[in-house]
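Here's the structure we're looking at; comments come further down.
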């Protein structure tokens with residue numbers, strides 16, 4: 001029995017998947033190519049058959065059309081129709097008998113025609129077959145009016161029974177042609193030619209068998225004849241319908257009549273042909289799968305043997321011991337893996353050292369932030385304000401100032417937590433601004449607009465107070481009139497951006513560039529320590545893509561932005 005580690009199982013599974021995927025891909029490609037070849041061959045056969053059948057159909061309909069036009073323009077027939085109908089019944093019978101025999105003689109030479117009929121405007125009526133005539137005032141019928149109104153021959157939709165004689169109700173298609181007097185241009189009547197639909201069916205039925213269907217459509221795209229009776233009830237397959245099916249469609253137009261002969265080969269025919277080709281290949285693929293399985297099994301067993309040693313060493317590393325290394329190995333893929341493992345251990349050691357140093361930087365930055373926020377100068381000024389207010393017996397202001405200072409110290413220390421809610425950070429800002437507003441009176445106004453939805457989000461503590469302090473001492477305090485400071489925040493699904501705006505005198509673009517460069521330098525300096533401290537802490541906590549941005553224009557104030565992730 002072969003024994004495998006979990007890595008061996010994964011290698012085995014991967015190779016089987018790749019092999020099976022390759023075999024499956026080849027099978028699909030072969031199926032696709034076979035289907036394409038079969039489809040092209042069937043399309044070629046179908047196209048040749050449709051073209052041949054359409055030529056035969058065009059000849060049949062053309063013969064009927066030419067024969068109808070010949071009879072309609074026959075001088076002797078026009079002479080009879082040009083004269084009024086005789087009053088003598090014997091004479092009428094003689095004329096009808098003579099012309100019926102003539103039409104019958106012509107029909108004998110056109111076996112595909114069921115009958116010729118002439119309806120004269122003078123009331124005379126003639127036929128070529130032995131069916132008994134129907135005597136009506138035909139000029140009031142729709143079909144008669146359509147023929148009279150058209151200069152071209154008209155093919156009527158399939159209908160049961162003839163228009164003018166008694167028949168057994170068999171399906172017929174009728175060609176109608178008006179008879180125009182060649183000498184005067186007067187309409188003398190109409191000429192009708194009936195063709196049985198069964199004749200058209202016999203013409204197109206030979207060839208496809210059960211593998212497909214041939215259907216003849218007239219100029220209105222209605223089925224006239226089909227080798228499949230059900231096809232006569234199916235609407236004409238449009239371009240979109242043909243696109244969304246696996247059937248093969250080949251069509252040929254009977255240009256002279258604007259009719260169309262469409263051939264269809266069914267999906268079952270294509271599928272059955274493919275299955276006949278794929279049956280022997282299926283057995284071959286099964287044998288190939290078995291061989292592939294056994295070969296992969298042997299290969300994986302050889303590969304996993306040296307990998308077990310690597311697995312053991314990795315388990316040692318997992319326990320926290322990084323003082324390990326893989327021994328030298330022959331220069332092959334396994335040796336390359338051993339070397340990369342040793343390099344990985346070295347890099348992990350280096351990363352852990354860097355992580356420790358970053359942690360130390362973060363701790364030092366945190367301590368310096370506290371020093372920057374609670375500095376002796378700020379405490380001195382605040383306590384001096386408390387003494388001054390107490391001497392002036394402003395006990396309410398003293399209480400308010402002491403309460404704000406107490407809260408400011410409490411929130412600043414915050415039990416050593418580095419991350420607080422935005423609500424706590426705003427409370428810190430509120431206490432800070434209470435102290436500053438008491439100290440500076442009406443020298444400036446302060447407002448803020450922080451959406452409620454952000455209040456429970458997290459931020460590094462004490463990042464907003466240095467921004468507002470900068471706006472006070474380097475912005476509004478340099479104005480002669482009352483200044484204005486505004487704190488706002490916008491957010492997206494992933495980020496929060498705080499903005500502190502003041503209407504101080506601002507600085508030039510060159511000075512802005514220097515400030516931005518100074519925010520990113522790592523050397524120690526006393527200039528702008530608070531802003532750089534905030535920028536460093538944000539980057540240390542959240543990454544280099546976050547931090548401060550500084551914008552200012554002379555006489556238009558300054559804006560400091562702090563971007564942090566939303567969490």
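The values are calculated or read from the model by the stated rules, or taken from the named source; none is laboratory data. Computed from a predicted model, the values in this text were never measured in an experiment. With ideal geometry, Cβ positions are generated from the backbone for all residues, glycine too; neighbour counts draw on all protein chains shown.
Tabulated data for the structure shown
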quantity	calculated
Qualifying residue in region 263-283 (condition: at pLDDT 80 or above and farther than 30 Å from residue 218 by Cα)	yes
Lone qualifier among 69, 81 - being surrounded by 20 or more Cβ atoms within 10 Å (Cβ to Cβ) and part of a helix (DSSP H, G or I)	81
Positions within region 159-186 being surrounded by 13 or more Cβ atoms within 10 Å (Cβ to Cβ) and part of a strand (DSSP E or B), in sequence order	159, 165, 171, 172, 173, 174, 175, 176, 177, 178, 179, 180
Residue, nearest to residue 106 (Cα to Cα), within region 129-150, restricted to residues that are in a loop (DSSP other than H, G, I, E, B) and modelled with pLDDT of 90 or more	150
One residue from 507, 496 being over 51 Å from the mean Cα position of the chain (by Cα) and in the same structural domain as residue 451 (by TED's automatic domain parsing)	507
Elements of type strands (runs of 3 or more DSSP E) contained in region 448-567, each with 1 or more residues being free of Cβ contacts under 8 Å to residues at least 60 places away in the same chain and over 16 Å from residue 433 (Cβ atoms)	483-491, 547-552
Criterion violated by residue 411 - all others in (1) surrounded by 15 or more Cβ atoms within 10 Å (Cβ to Cβ); (2) modelled with pLDDT of 85 or more; (3) touching a strand residue (DSSP E or B) at 6+ places or on another chain (Cβ under 9 Å) satisfied	(2)
Hits in region 316-333 (condition: at pLDDT below 75 and in a helix (DSSP H, G or I))	333
Members of region 89-137 that are more than 14 Å from residue 68 (Cα to Cα) and in contact (Cβ under 8 Å) with a residue 40 or more places away in the chain	120, 121, 122, 124
Qualifying residue in region 292-307 (condition: over 30 Å from residue 19 (Cα atoms) and in contact (Cβ under 8 Å) with a residue 40 or more places away in the chain)	no
Matching option when the condition is under 50 Å from the mean Cα position of the chain (by Cα), at pLDDT below 85 and assigned by TED's automatic domain parsing to the domain that holds residue 441, among 522, 561	522
